[in-house]
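> Below you will find the structure I want to go over with you.
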Amino acid sequence: MTNLVQPIRARGIRKSYGSLEVLKGVDLDLAKGEVLCILGPSGSGKSTLLRCLNHLERPDGGMVEFEGCPVGYRLKGDRFHELPEREIQKQRKSMGMVFQRFNLFPHLTARENIMEAPRRVLKVSQAEASARAERLMAQVGLADKLDVYPGALSGGQQQRVAIARALAMDPSVMLFDEPTSALDPELVGEVLDVMRMLADSHAMSMIVVTHEIGFARSVADRVIFMDGGVIVEEGPPDEILVHPQHERTQAFLRRIL
Ligand code: ADP
Ligand code: MG
């Protein structure tokens, strides 16, 4: 694996809000096709880390590279300059993001939700965007809900549409931030199944922040445990989830299992 195709490489990411130091120097690598699960207690900095990776949040220090190119900044001489918003958008669209809250546009059908960004950002034709929406809705098992409004869908179905919407931009990396945490328990499985399908396709590099230990054990190539703004330990799922070395990891797993 050469560094050039490595989807994400982050070094020494730091972020504070006022006097609260949320990320205290985080290094993170994501290999092509790799599924990385991030676990950790609430407030440990997981969402902030994901947001730093695609420059929704500007880190105070450290650097992020996406496919070998710095994200958000360019170095000129010895100074960092923020990239123009247009370029940041371009980088961002290569990283699909799915949040805990699906935030679909309520006044648009599933099809229209999925077509919106490809039309507006990628300037894809109406026909092509619509065909893409049909293909993706079939892929997430919702072929019969194409022209339905989000309000008429269950939370699990809305989240599957949100995944289809992210995939419509043809990203090479998908970032999931607790995609099932807001769902009723009986709806969690259908969303995890879609993510599992994506992981099994081997084409998608994925970072998944989740508390779903079963999913992490069966799907992740690697697991990271975060606490207090640092990576406490990382390794293969069985190592971290079954035989964690750190007391903090052990305590966390005892609490959620
Ligand atoms: P996690 O996703 O692991 O629960 P977060 O990254 O959301 O953790 O948050 C880490 C800490 O940073 C929390 O204490 C949270 O309250 C704080 N925080 C996150 N975003 C902001 C913000 N925009 N302004 C101020 N504090 C924030
Ligand atoms: Mg979070």
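The values are calculated or read from the model by the stated rules, or taken from the named source; none is laboratory data. The model shown is predicted, which means the values in this text are computed figures rather than measured ones. Positions of Cβ are generated from backbone atoms using ideal geometry, with glycine treated the same way; all protein chains shown enter the neighbour counts. Surface areas here come from the heavy atoms of the whole protein model, side chains and all, with no ligands, DNA or RNA. Shrake-Rupley method; radii C 1.70, N 1.55, O 1.52, S 1.80 Å.
> Which ³J(HN,Hα) values in Hz, rounded to whole numbers, follow from the phi angles of the range 96-110 under the Karplus curve 6.51 cos²θ - 1.76 cosθ + 1.60, where θ = phi - 60° and Gly and Pro get x?
After applying 6.51 cos²θ - 1.76 cosθ + 1.60, I find x, 10, 10, 9, 4, 8, 5, 5, 6, 6, x, 8, 10, 5, 4 Hz.
> Using a cut-off of 13 Å between beta-carbons, work out the net charge of the residues near residue 68 (Lys and Arg +1, Asp and Glu -1, residue 68 not included).
-1
> Let me ask something additional. What ³J(HN,Hα) values, in whole Hz, does the Karplus curve 6.51 cos²θ - 1.76 cosθ + 1.60 give for the range 7-20 when θ = phi - 60°, with x put for Gly and Pro?
Residue by residue, the range 7-20 yields x, 9, 9, 10, 9, x, 5, 10, 8, 10, 10, x, 8, 8 Hz.
> Now, a different point. Where the convex hull is taken over the Cα atoms of the range 102-170, what is its projected area averaged over directions, in nm²?
For the range 102-170, averaging the hull's shadow over all directions gives 3.9 nm².
> Shifting gears a bit: How much of the DSSP beta bridge set in the chain is antiparallel, as a percent to the nearest 5?
60 percent
> Let me ask something else about it. Using R₀ = 25 Å, calculate the FRET efficiency as 1/(1 + (r/R₀)^6) where r is the Cβ-Cβ separation of residue 121 and residue 5; round to 0.05.
0.60
> Work from the charge dipole of the chain (Cβ charges, +1 for Lys and Arg, -1 for Asp and Glu, about the Cα centre) and give the residue of 80, 189, 209 farthest towards its positive end.
The residue sitting farthest along the positive end of the dipole is 80.
> What is the extension gain from residue 217 to residue 148, computed as 0.36 nm multiplied by their sequence separation minus the C-alpha to C-alpha distance, in nm to one decimal?
The span from residue 217 to residue 148 would gain 21.4 nm if fully extended.
> Of the candidates 113, 103, 54, which one comes out as most mobile in a Gaussian network treatment of the chain with C-alpha springs shorter than 10 Å?
103
> Divide by every residue of the chain the summed helix terms, -39500 (n - 2.57) for each DSSP H run of at least 4, and state the resulting mean residue ellipticity at 222 nm, rounded to the nearest 500 deg cm²/dmol.
That calculation yields -10500 deg cm²/dmol at 222 nm.
> Name the residue, out of 214, 189, 18, whose mean-square fluctuation peaks in a Gaussian network model built on the chain with Cα pairs under 10 Å.
Highest fluctuation of the listed residues: 18.
> If the chain between residue 58 and residue 14 were fully stretched, how many nm would it gain, using 0.36 nm times the residue separation less the Cα-Cα distance?
14.9 nm
> Just to be sure I understand the curve: with the Debye formula and one point per C-alpha of the chain, what is log10 I(q)/I(0) at q = 0.07, 0.08, 0.10 Å⁻¹?
With no solvent term, the Cα-only Debye profile gives -0.24, -0.32, -0.50.
> I've got another one for you. In whole angstrom, note down how far apart the Cα centers of the range 113-143 and the range 1-60 are.
Their Cα centres are 29 Å away from one another.
> Most fluctuating residue of 225, 176, 80 in a GNM of the chain with Cα springs under 10 Å: which is it?
80
> In square angstrom, rounded to the nearest 10, how much accessible surface does residue 246 have for a 1.4 Å probe?
For residue 246, the solvent-accessible surface is approximately 80 Å².
> Please list, in chain and number order, the residues 5+ apart from residue 233 or on another chain whose amide H is under 5 Å from its amide H, with Hs placed from the backbone.
225
> Related question: Residues with beta-carbon under 11 Å from that of residue 41, excluding residue 41: net charge, scoring Lys, Arg +1 and Asp, Glu -1?
Every neighbour counted, the sum reads +2.
> Taking a cut-off of 22 Å between Cα atoms, list the lysines near residue 76, but don't count ones fewer than 8 places away on the same chain.
90
> Hey, can you grab everything whose amide H is under 5 Å from the amide H of residue 40? Only 5+ residues off in sequence or another chain; H modelled, so Pro and N-termini drop out.
226
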